[in-house]
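Quick note: the coordinates plus some simple rules give every number you see, no bench work behind them. Every value quoted in this text rests on a predicted model; they were computed, and no experiment measured them. Reconstructed Cβ throughout: ideal geometry from the backbone, glycine too, with neighbour counts over all protein chains shown.
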Amino acid sequence: MAVLTMAKALNDGLRKAMEADPRVLVMGEDVGKLGGVFRITDGLQKDFGEERVLDTPLSESGIIGTAVGLAIRGFRPVCEIQFDGFVFPGYDQIVSQLAKVHFRSQGKVPMPVVVRIPFGGGIGAVEHHSESPESLFAHVAGLKVVACSNSNDAYWMIQQAISTDDPVIFFEPKRRYWEKAEVDVESTPSPLLRSRVLREGTDVTVATYGPSVRTCLDAAVAAETDGTSLEVVDLRTLSPLDLDPVFESVRRTGRLVVVSEAPPESSVTSEIAARVQQECFHSLEAPVLRVTGFDTPYPPSKCEDDYLPDLDRVLDAVDRSKAW
Amino acid sequence: MSVSDPQAWNPADPRSRPNREQVLAGLRGTDAGGPELVQLLTPEGERVPDARFDGYAADIDAETLKSLYRDMVLVRRADREGNALQRQGQLGIWVPLLGQEAAQIGAGRALLPTDMVFPSYREHGVAWCRGIDPTDLLGIFRGTDHGSWDPLEKRFHLYTIVIGNQCLNATGYAMGQRFEGRVGNGTDATADAPDEATMCFFGDGATSQGDVHEGFVWAAAYDAPVVFYCQNNQWAISVPLERQTRVPLYERARGYGFPGVRVDGNDVIACLAVARWALEECRSGNGRDELELWKLKDPIERVRVNLVREHGVDQSFFDGVAAEADELAARLREFCLAMPDPAPDRMFTEVYAEASPQVEAQREEFLAYHASFATDGEA
């Protein structure tokens with residue numbers, strides 16, 4: 001059992017995947033010599049060489065488009081998009097090719113490509129460096145979309161994503177990169193596409209993912225001192241959603257709060273609300289409530305503390321749910 | 001109005017740039033081909049020498065030329081039948097290759113089985129050369145599939161409909177060929193591990209797409225063994241070439257750091273010879289070439305004239321090819337009319353390599369819904 005930052009856990013996971021399969025390539029802007037702007041790929045180029053860890057031209061469509069071609073050739077590329085807001089030049093290749101080649105070819109050409117995207121706010125960055133675009137990918141058939149929230153998941157989920165024969169958009173909560181947690185490198189990990197109850201509780205269910213998981217776990221500790229028991233579910237997979245643990249939990253608690261940094265309109269959180277009312281209609285004691293960013297562009301960073309769901313906004317929603 | 005000299009342009013002085021009339025004059029000037037146009041067979045059917053590329057056409061005797069003629073006639077006939085099927089409502093759309101037979105058969109016949117091809121959606125002639133029967137193209141345009149052949153087995157990727165996307169996919173594939181060490185082995189190359197190249201097809205309209213430019217940048221940065229084969233038919237649907245470029249397209253290659261060659265796209269011998277040269281450059285490790293194929297006049301007639309005048313081929317050969325073409329068209333039509341619709345749950349298959357529970361649940365719900373009508377009907 002090692003205690004690692006999420007950044008180091010991702011680095012170790014990438015290294016393990018590259019050692020296990022010589023077809024695994026890492027490619028992106030500044031991922032080689034520099035080791036990535038967040039140092040997630042630190043040291044990989046030194047050990048695996050410039051043809052397995054590619055410092056690419058500054059060209060996101062190029063990163064995804066050539067990864068598609070490399071995958072057709074039989075490679076397993078792991079692309080890094082430097083920041084969430086820079087993925088859009090590559091969005092065409094993701095939606096038009098990466099997501100569709102397997103379906104178009106009726107299974108003859110798999111697309112084992114991982115696109116890593118550091119996402120979310122809270123780091124005081126300039127525009128385009130703090131966004132949460134996951135719903136734009138979850139909406140696209142042919143893609144799998146996951147988000148890790150802690151070091152242990154980061155270590156395992158990146159390896160599982162790389163060994164998946166489908167394209168995986170892999171969201172990493174950048175403001176949690178430097179938080180440390182235990183990584184159990186010996187254990188058998190949970191399957192990639194499973195959500196998990198991180199904290200059991202009886203009064204209100206809280207479903208969340210990525211950077212907001214830590215916020216919600218902290219909220220659960222705070223709520224306990226007020227005598228409220230929160231059950232916290234880390235969704236982990238956003239497409240396909242694994243909602244059985246949420247349904248099971250809501251049938252016991254009758255109340256659900258969904259938490260995410262992303263704008264709420266037509267989002268992962270609205271999808272969860274729709275499905276929970278479908279599956280748990282007779283169990284609900286209150287409407288599904290959401291704590292999210294707002295339907296605005298991501299604001300200047302001096303405003304972001306108000307934009308991002310924090311512990312108080314989560315507890316406020318919990319209180320409203322209980323008081324319904 | 002004279003053509004402006006690009007060397008005289010001063011980026012700091014807008015007045016030094018060519019005016020609209022000069023740009024148009026330049027483009028019209030290139031319309032006639034220009035001295036740089038590679039041509040081995042004139043529109044009048046005369047085989048003319050070319051010091052640079054003759055070596056790549058040395059084996060083209062009467063028999064080879066007859067087979068090139070046959071390929072061009074057959075793909076044109078299949079193409080015209082596809083067009084007719086579209087007009088008659090049997091196909092939702094047909095993308096014609098009319099006039100591009102020489103460009104496509106020349107390139108297709110230059111490729112080795114171990115090379116890889118990334119087509120746009122118009123490369124029916126190249127598909128023919130890769131052993132893909134014209135009936136296999138119909139599903140895309142009739143709406144029964146998005147491409148039915150095995151791209152890895154045929155080494156011919158499925159048609160790419162989004163303009164220019166395939167230039168990056170081709171470049172990535174070619175990067176993989178290089179990473180695997182499948183270039184520049186010369187006589188050390190074996191049948192099991194031959195040197196390989198990739199050929200990427202696109203049109204003049206696509207040259208305005210970012211993905212095409214990025215493909216050029218990446219191919220240069222990684223020395224990818226890829227030939228960019230631009231079939232310039234002068235029009236992007238309704239938009240003329242001068243809306244896409246101020247300079248002849250082949251000249252752009254130099255700006256990215258690799259050679260560009262302008263070839264008469266109606267000269268099947270020139271297309272074959274220059275494509276062979278470019279592919280061989282790539283296989284030998286000198287990768288990245290851009291070829292621009294220029295559309296002028298009818299590509300098939302000049303081959304016929306040459307076969308008659310220089311090789312004494314008699315009419316029975318041409319009649320035989322024509323009869324074969326009609327048989328192909330009839331077979332294509334018959335096949336098209338008999339094509340079954342896909343199963344209703346076709347849309348749920350192979351969305352993912354590892355099945356999605358969400359999609360599977362939707363499939364079951366959909367099938368149950370369909371089955372409910374059958375039950376009602378029987379009751």
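Things worth noting here:
- Ranked B:Trp218, B:Trp94, criterion: other C-beta atoms within 10 Å, fewest first: B:Trp94, B:Trp218
- Of the GluC sites (Glu not before Pro) in the stretch B:155-254, those whose Cβ has at most 16 other Cβ within 10 Å and which sit in DSSP loop: B:Glu180
- Among A:Gly293, A:Gly13, A:Gly227, the residue with the largest mean-square fluctuation in a Gaussian network model of chain A, with springs joining Cα atoms closer than 10 Å, is A:Gly227.
- FRET E, pair B:Leu367, B:Arg243, Förster distance 30 Å, beta-carbon r, rounded to 0.05: 0.05
- The local environment of A:Leu34, defined by Cβ-Cβ distances under 12 Å, has a net charge of -2 under the rule Lys, Arg +1 and Asp, Glu -1.
- Residue of B:Gln234, B:Gln362, B:Gln209 that the Gaussian network model of chain B assigns the largest fluctuation, springs spanning Cα pairs under 10 Å: B:Gln362
- Cα gyration tensor of the stretch B:222-272 - equivalent ellipsoid semi-axes, whole Å, descending: 20, 17, 10
- Computed log₁₀ I(q)/I(0) - Debye formula, equal Cα scatterers, no solvent, the protein assembly as shown, q 0.08, 0.09, 0.10 Å⁻¹: -0.72, -0.87, -1.01
- Size of the stretch B:40-168 as Cα extents on the principal axes (Å, biggest first): 47, 32, 25
- Mean-position separation - Cα centroids, the stretch B:50-97 and the stretch A:225-272, in angstrom: 59 Å
- The GNM of chain B, with springs linking C-alpha atoms under 10 angstrom apart, assigns the highest mean-square fluctuation among B:Ile163, B:Ile140, B:Ile237 to B:Ile237.
- With the convex hull drawn around the C-alpha atoms of the stretch A:200-265, the volume per residue stands at 88 Å³.
- Surface/4 estimate of mean projected area, convex hull on alpha-carbon atoms of the stretch A:82-164, nm²: 5.9 nm²
- Which of A:Arg176, B:Arg346 has the fewest Cβ neighbours within 10 Å, and the rest in rising order: B:Arg346, A:Arg176
- Summarising the label geometry, the points placed 7 Å from Cα in the beta-carbon direction at B:Thr349 and A:Trp178 lie 5.3 nm from one another.
- Averaging 1/r over every pair of different alpha carbons in the stretch B:117-160 and inverting the result gives a Kirkwood radius of 10.2 Å.
- Under 11 Å, Cβ to Cβ, from B:Phe53 - net charge with Lys/Arg +1 and Asp/Glu -1: -1
- If the segment from B:Glu44 to B:Ala374 were pulled out straight at 0.36 nm per residue, it would be longer than the present Cα-Cα gap by 112.3 nm.
- Multiplying the residue separation of A:Glu186 and A:Ser266 by 0.36 nm and subtracting their alpha-carbon distance yields 24.8 nm.
- R0 of 35 Å, Cβ-Cβ distance A:Glu224-A:Thr296: FRET efficiency to nearest 0.05: 0.60
- q = 0.10 Å⁻¹: log10 I(q)/I(0) that the Debye formula gives for chain A, counting C-alpha atoms only: -0.55
- Taking the square roots of 5 times each eigenvalue of the Cα gyration tensor of the stretch A:196-323, largest first, gives ellipsoid semi-axes of 21, 17, 13 Å.
- Each of B:Leu152, B:Ala189, B:Tyr250 was placed along the dipole of the protein assembly as shown (beta-carbon charges, centred on the mean Cα), and the one lying farthest toward the positive end is B:Tyr250.
- Pair B:Leu112, A:Asp21: separation of 7 Å Cα→Cβ label points (nm): 2.9 nm
- For the stretch B:35-337, the Kirkwood hydrodynamic radius from C-alpha pairs, put into Stokes-Einstein at 20 °C and a viscosity of 1.002 mPa s, yields a diffusion coefficient of 110 µm² per second.
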